[in-house]
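Engineer: Please see the structure below; I have some questions.
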Amino acid sequence: MPDSGKQQLHIISSDVPFPADYGGMIDVFYTIKQLAESGIEIYLHCFQYGRASSAELEKYCAKVWYYPRKIGLQGFSFKLPYMLYSRRDDQLLPNLLSIDAPILFEGIHCCYLLNHPALTGRKKILRNQNVEQQYYALLATRTSNIFKKFYFKIEAQLLRSFEKKLQNAQVLVPISEKDTRFFENLYPDKKVVHIAGFHPFGEVISNEGSGTYCLYHGNLGHPENIEVALFLIENVFEGLEVPFIIAGRNPNQKIIKACSINVNIQLVENPGEHEMSELIRNAHIHVMPTFQESGLKLKLLYALYSGRFVLVNQSMLYGTGLDEICVVAETANEFRASIQDLMKVPFAESNISQRKHLLNQQYNNKEKAKRLNEIIKSRD
C-alpha cells in the first residue's frame, strides 16, 4: 500500500467501536476520532460478534477490517484467557504486516499477536482499560451462578499469567491512575503513561437549575450493572417520593421485574443516542455506585460533562481524581439521605465552573490526543 506521507497507525479493537454506546467502545471510538483529526492515518482492525459493520468508521480510518470472534469452544484455551484467544484470526497478521506502522492494542483482549516474532521490531502500544485479572476476580466474587463463578476464576488466573508477559509492548497506556501504578510496579523498566479515557465532550454542557428525577444508566445486561441496579431498586429508590429512571442496553429480566412493581421507577430499555443524552442532561441526580474498583467508568464522565449532581461511592472514583466534583455515599441509607438533600438544591453556575476547571486539567481530549501522538511518533 503506498505511503501517504502521514503518520500511520494500526488500531486493534475488541469490538466494532461504533455506535459508541458502552464504556470500552466509547474510549476506542473517540480515540480514533481524535487521532484522525490530529492527522494520523488509521488502519482499524475490529473483532465482530453481534455488531454490524459501520460506515461511520470509514470517515476516520483509511481502511477497516472486520474479523469474526471465535465464540464457544473455538475460543477456548487451557493456556490463554478466553477474552484473548477468542479474538484471533488468520488474516490479522498479514494485514498488520502489509503496512509498516505502529500498532495500538486496545486492551488485553486484542493481544493475541503481541508477542508474535513476525512483529519483532514493530512499535507496539498497549492500552490497559483495566487490570483485567483483578476485574475478573471481582466478578467471580459477585456472581452466585456456579458456572459463571468457575469461568471468572479461571479467566482471572489466565489473565494473571498473561499480564506478566507484556514485555513486547514498548509502552503501556493505562486508563486510570491506580492501574498506572499497578503496571509501573509490575514493569519497573517499561514506559507506562497514564492517559484517561476519551469521550465525546469538548466542554462541560451541564444545565443549571433543577431536574425532576434521578437516573442510573449503563449496560443493564452486564453482571456488575445488574447487581448495582437491583441494589438501587431494592435498597435506595423504593419508598422515596422521588421519580427514578433506570436506562440502558439489554436489561436483565430481574431488573425488568423489579422495576415493574415499583411505581416510582421507570425503565427505559435500549434508548437511542439522542434519548440517552437527553435523559442524562435533564436528570437532577446521577446515582452511580459500583461494587468493583476497575478502570475508569466512562459513564461517570458522561454525567459530569453533561449532567447535574453526581452521587457515587468511593469505588466509582477509583483512580479518577474526580472526588471534588462528586457527592460520595457508601451505604443505602447514605444514598437515600443524599438524594433527599440534593433534590432540594438547584445545580449552580459555581458547580459548573468547578467541573470545567478540574475536567479541563485531566480529561481534555485534545491534550490526551497530543500525548498519545507523541508516544506513537516517538522512536523509543
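Engineer: Quick check on this structure: which one of Lys368, Lys344 is more than 20 Å from Gly248 (Cβ to Cβ), modelled with pLDDT under 95 and of a type in the set (Lys, Arg)?
Structural biologist: Sole residue among the options that is more than 20 Å from Gly248 (Cβ to Cβ), modelled with pLDDT under 95 and of a type in the set (Lys, Arg): Lys368.
Engineer: Can you find a residue that is surrounded by 17 or more Cβ atoms within 10 Å (Cβ to Cβ), hydrophobic (A, V, I, L, M, F, W, C), modelled with pLDDT of 95 or more and under 22 Å from the mean Cα position of the chain (by Cα) anywhere in segment 128-140?
Structural biologist: Looking for residues that are surrounded by 17 or more Cβ atoms within 10 Å (Cβ to Cβ), hydrophobic (A, V, I, L, M, F, W, C), modelled with pLDDT of 95 or more and under 22 Å from the mean Cα position of the chain (by Cα), one finds none in segment 128-140, hence no.
Engineer: Hey, does segment 43-58 have a residue that's among the hydroxyl-bearing types (Ser, Thr, Tyr), in the same structural domain as Lys165 (by TED's automatic domain parsing) and closer than 30 Å to Lys370 by Cβ?
Structural biologist: Yes, that holds for at least one residue.
Engineer: Checking the condition among the acidic types (Asp, Glu), outside the structural domain of Arg122 (by TED's automatic domain parsing) and over 21 Å from the mean Cα position of the chain (by Cα), which residue from Glu208, Glu155 passes?
Structural biologist: Glu208
Engineer: For segment 348-373, give me the residue count where each residue is in contact (Cβ under 8 Å) with a residue 12 or more places away in the chain and either basic (Lys, Arg) or exposed (fewer than 15 other Cβ atoms within 10 Å of the Cβ) (or both).
Structural biologist: Of the residues in segment 348-373, 10 are in contact (Cβ under 8 Å) with a residue 12 or more places away in the chain and either basic (Lys, Arg) or exposed (fewer than 15 other Cβ atoms within 10 Å of the Cβ) (or both).
Engineer: Now, a different point. List every residue pair whose Cβ atoms lie under 6 Å apart, where the two residues are 6 or more positions apart in sequence or sit on different chains, the first residue falls within segment 121-133 and is free of Cβ contacts under 8 Å to residues at least 24 places away in the same chain and not assigned by TED's automatic domain parsing to the domain that holds Ala169, and the second residue, located anywhere, is buried (at least 23 other Cβ atoms within 10 Å of the Cβ) and of a type in the set (Gly, Ala, Ser).
Structural biologist: Close Cβ pairs satisfying both conditions: none exist.
Engineer: Continuing with the same structure: Please go through segment 257-275 and pick out each residue that is surrounded by fewer than 19 Cβ atoms within 10 Å (Cβ to Cβ) and of a type outside the set (S, T, N, Q).
Structural biologist: Of everything in segment 257-275, those that are surrounded by fewer than 19 Cβ atoms within 10 Å (Cβ to Cβ) and of a type outside the set (S, T, N, Q) turn out to be Lys257, Ile261, Val263, Val268, Glu269, Pro271, Gly272, Glu273, His274, Glu275.
Engineer: While we're here: Would you please name the residue that is farthest from Leu298 (Cα to Cα), looking only at residues in segment 186-210 that are of a type in the set (A, V, I, L, M) and in a loop (DSSP other than H, G, I, E, B)?
Structural biologist: Once the filter is applied, the top-ranked residue is Val193.
Engineer: Moving on to the next point. Of the conditions (1) outside any helix (DSSP H, G or I); (2) among the hydrophobic types (A, V, I, L, M, F, W, C); (3) without any contact (Cβ under 8 Å) to a residue 40 or more places away in the chain, Ala229 satisfies every one except a single condition; which number is it?
Structural biologist: All conditions are met except number (1).
Engineer: Now a separate question. Which ones in segment 211-226 are more than 22 Å from the chain's Cα centre (by Cα) and either assigned to a strand (DSSP E or B) or closer than 26 Å to Asn145 by Cα (or both)?
Structural biologist: Cys214
Engineer: Quickly run through segment 139-172 and pick out the residues that are within 18 Å of Leu186 (Cβ to Cβ) and not in a loop (DSSP other than H, G, I, E, B).
Structural biologist: Ala156, Gln157, Leu158, Leu159, Arg160, Ser161, Phe162, Val171, Leu172, listed by residue number.
Engineer: Restricting to segment 101-124, and then to whatever is closer than 12 Å to Phe47 by Cα and part of a helix (DSSP H, G or I), can you tell me which residue is nearest to the chain's Cα centre (by Cα)?
Structural biologist: In this case the residue turns out to be His109.
Engineer: Right, something else. Quick check on my filter: what residues within segment 308-329 are buried (at least 19 other Cβ atoms within 10 Å of the Cβ), within 22 Å of Phe237 (Cβ to Cβ) and small (Gly, Ala, Ser)?
Structural biologist: Result: Ala329, single match.
Engineer: I've got another one for you. Given the criterion farther than 30 Å from Leu104 by Cβ, without any contact (Cβ under 8 Å) to a residue 12 or more places away in the chain and surrounded by fewer than 23 Cβ atoms within 10 Å (Cβ to Cβ), identify the matching residue among Gly239, Gly211.
Structural biologist: Gly239
Engineer: Report yes if Phe183 is farther than 25 Å from Ser353 by Cα, surrounded by 17 or more Cβ atoms within 10 Å (Cβ to Cβ) and within 19 Å of the chain's Cα centre (by Cα), otherwise no.
Structural biologist: yes
The values are calculated or read from the model by the stated rules, or taken from the named source; none is laboratory data. A quick note: this is a predicted structure, and the numbers were derived from the prediction, not measured. Cβ sites come from the backbone with ideal geometry, for glycine too, and all protein chains shown count toward neighbours.
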